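K.L.:
Okay, handing you the structure first.
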Amino acid sequence: KLILLDSLLQEMLKVQRRILLGIVTVFFTLQVYYSSKKNWIDFNIKNVNIVSDGFAETKEPFCKLLPERIYGISFHLCTIDTWIESYIKYDVPFDEHSVKLMQSSLGNYPRSVFLDIGSNMGIFSLAAAKRGHHVVAVDLVPQSIAVLHKNAVLNNIEDRITLINNAISDDHEIYHPALDWPGNDMATRAVAEKDKNTGKWQPLPERKQYSKRLAVDGNTSVKSVTLMDVLSTIQEATVIIKIDIEGF
């Protein structure tokens, strides 16, 4: 069974409410008991794509050693996202308040695992792993997983981070990464393969400007898994989850 241990609502009320880039990141903590998992839910562990090699090729990332004053801990960070690069190039914090809230939550549960859903290049994952926590990072974009792996190696914490290349959904389907706006890789969504011929999206290279149709990378496909599928791969009792995904 799953027991909601601490929603962190009281802690969040103490933090100044801000919306960064229109994204609201919600943190909550789950206490997961695995003493009796028999038949309590239908897991599809075989669909969870844990990646340890054969990473996707990416363009040359921008890399920098971030000073301790930004996130309270120093670490190397590489990114292929020009928006995030514009921040870290000048040592400007990106998602500073959310990262510090995550670190505070982990401090309350020192034996917890950090589950980073929508990890991107891994600012949250790296900060958690550098503090000694095991991290499970999930992202539907193979290039994001590849950059996060590079970051983990640069920081010598690859043994603390498990990388999963899946979309998180309530079903088990084939999806493609998609953009609402060209160039904004942080806002990557997922479009189902079954919608390919409905006129809802067009191939990514043809997308030049904003329209009502999504620009989709039809050459990249990932399977969707449920949150419970991912949780079933984690043996530790306490899991702190960050969710920052665009939806479908």
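The values are calculated or read from the model by the stated rules, or taken from the named source; none is laboratory data. Since we're looking at a predicted model, the values are computed, not measured. Cβ atoms come from the backbone with ideal geometry, glycine included; neighbour counts cover every protein chain shown. These area figures cover heavy atoms from the full protein model, side chains too; ligands, DNA and RNA do not enter into them. Shrake-Rupley method; radii C 1.70, N 1.55, O 1.52, S 1.80 Å.
K.L.:
At what distance in nm do the modelled label points of Asn219 and Asp171 sit from each other, each positioned 7 Å from its Cα along Cα→Cβ?
P.N.:
2.7
K.L.:
Mind scanning Lys150/Lys194; Lys46/Lys100; Lys46/Lys150; Lys46/Lys194 and naming the pairs with a C-alpha gap bigger than 27 Å?
P.N.:
As for pairs spanning more than 27 Å Cα to Cα, those are Lys150/Lys194; Lys46/Lys100.
K.L.:
If you plug each phi of the stretch 153-169 into the Karplus form 6.51 cos²θ - 1.76 cosθ + 1.60 with θ = phi - 60°, what whole-Hz ³J(HN,Hα) values come out, in order, with x for Gly and Pro?
P.N.:
5, 4, 9, 6, 10, 5, 6, 9, 10, 9, 9, 10, 9, 8, 8, 9, 8
K.L.:
Using the Cα gyration tensor of the stretch 36-169, with a ≥ b ≥ c the square roots of its eigenvalues, what is the shape: rounded (a/c below 1.5), prolate (a/b larger than b/c) or oblate (neither)?
P.N.:
oblate
K.L.:
Then there is this: Might you tell me the accessible area per residue for the stretch 103-176, computed with a 1.4 Å probe and given in Å²?
P.N.:
For the stretch 103-176, the per-residue accessible area is 33 Å².
K.L.:
Fully extended, how many nm does the chain gain between Ser74 and Ser104 (0.36 nm per residue separation, minus their Cα-Cα distance)?
P.N.:
Full-extension gain reported as 9.2 nm.
K.L.:
Follow-up. Once you place label points 7 Å from the Cα toward the Cβ at Ile50 and Asp159, how far apart are they in nm?
P.N.:
1.6
K.L.:
Can you tell me the dipole magnitude for the stretch 61-130 around its Cα centre, using point charges on the Cβ only (Lys, Arg +1; Asp, Glu -1), in Debye to the nearest 20?
P.N.:
In total the dipole reaches around 220 debye.
K.L.:
Give the relative contact order (percent, whole number) for the stretch 95-157; include only Cα pairs under 8 Å separated by 6+ residues.
P.N.:
The value is 31 percent.
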